[in-house]
Amino acid sequence: MLTIEIPESNRRKSEEDSLASFILSEIKEKGECVYFHYGVGWGNNWPHSWAKNTGSDAKDRHQISELAHDNVIRAFIDKGYSIEYRSEIAAGRYVIIRG
């Protein structure tokens, strides 16, 4: 049994908020959001992150844990958004979210 108190971390919440804000702004502006989720491809050697610019050469990658990414996706599904995964490559896969 754990006998010390572990303080809460805001890291995952910050990662979740960053991705969710990006998705919402893209949907508001374009009606859908397309981004690239790194670290889930068949190469499986890329760090977990996401980027607006799709492809392995994206310069604006944002670190995110796998759990934080899954939490954001589940939250959008729970609110009725459609989630589509496409074109898995070694680095990861495309994610499309529509409202």
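The values are calculated or read from the model by the stated rules, or taken from the named source; none is laboratory data. Note that the coordinates shown come from a computational prediction; the quantities given were computed from them, not determined experimentally. These area figures cover heavy atoms from the full protein model, side chains too; ligands, DNA and RNA do not enter into them. Shrake-Rupley method; radii C 1.70, N 1.55, O 1.52, S 1.80 Å.
For the chain, what is the accessible area per residue in Å² when the probe is 1.4 Å? Can you show the working numbers first?
On the way: 6450 Å² over 99 residues.
Heavy-atom accessible area per residue stands at 65 Å².
Using Cα positions and a limit of under 17 Å, work out the lysines in reach of residue 30, with same-chain residues fewer than 8 apart set aside.
Straight-distance partners of residue 30: 52.
Order 48, 69, most accessible first, counting only protein heavy atoms with a 1.4 angstrom probe.
Result of the area sort, largest leading: 48, 69.
Keeping every protein chain in place, order 94, 35, 85 by accessible area at 1.4 Å, biggest value first, i.e. largest first.
Values: 94 60, 35 0, 85 105 Å².
Highest to lowest solvent-accessible surface, that is 85, 94, 35.
Using a 1.4 Å probe on the protein chains only, how many percent of the accessible area of the chain belongs to carbon and sulfur?
Result for the chain: 49 percent of the exposed heavy-atom area is carbon or sulfur.
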